[in-house]
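Please read the structure below before turning to the comments.
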Amino acid sequence: MCIGLPMTIIQSDGMSALCEFGDEQRRVSVMLLSNPPVGASVLVHMDAAVRLLDQDEARLIADALDGLDAALNGRDCDRFFADLIAREPQLLEHLR
C-alpha cells in the first residue's frame, strides 16, 4: 500500500521540485501538475506530485499520518482523530 504525503514545494524548476514534509526533504516530479508555485502543498506518491492540496486538506492528511504513527507506537492518538471520538465512522455514500 502506498501512502501519499502532503508536501510543501520549497524550490521548483518546472519539471521537478524540492519538497518538504516535517524533517524530510526530497526532490519530486511535478510534471503531472501545471507549474505549481513555491509554497504550494502537493500530494506526493512515489516521488511524483499528483495533485495540489489546499491548506486544510494538507493539514488533515498530516494529522492522520501523525495519528497513525502515534497509534503504531503506543502513544495517545485521540487528538488526531477528534472528529471520530464521539461517533461511529460512516462509509462514504458511494461505498454503501
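Bear in mind that the values in this text are calculations on the coordinates, not laboratory data. Quick caveat: nothing in here was measured; it's all calculated off a predicted structure. Note: ideal-geometry Cβ built from the backbone for every residue, glycine included; neighbour counts use all protein chains shown.
Specify which of the listed residues (17, 58, 70) is over 29 Å from residue 85 (Cα atoms) and surrounded by 13 or more Cβ atoms within 10 Å (Cβ to Cβ).
Every option except 17 fails the conditions.
Which residue pairs have Cβ atoms under 9 Å apart, sit 6 or more places apart or on different chains, and have a first residue in the stretch 70-96 that is farther than 18 Å from residue 60 by Cα and a second that is surrounded by 10 or more Cβ atoms within 10 Å (Cβ to Cβ)?
Between residues of the stretch 70-96 that are farther than 18 Å from residue 60 by Cα and residues that are surrounded by 10 or more Cβ atoms within 10 Å (Cβ to Cβ), the close pairs are 75/69.
Identify, please: which residue in the stretch 1-11 is in contact (Cβ under 8 Å) with a residue 12 or more places away in the chain and part of a loop (DSSP other than H, G, I, E, B) and is, among those, surrounded by the most Cβ atoms within 10 Å (Cβ to Cβ)?
Here the answer is 4.
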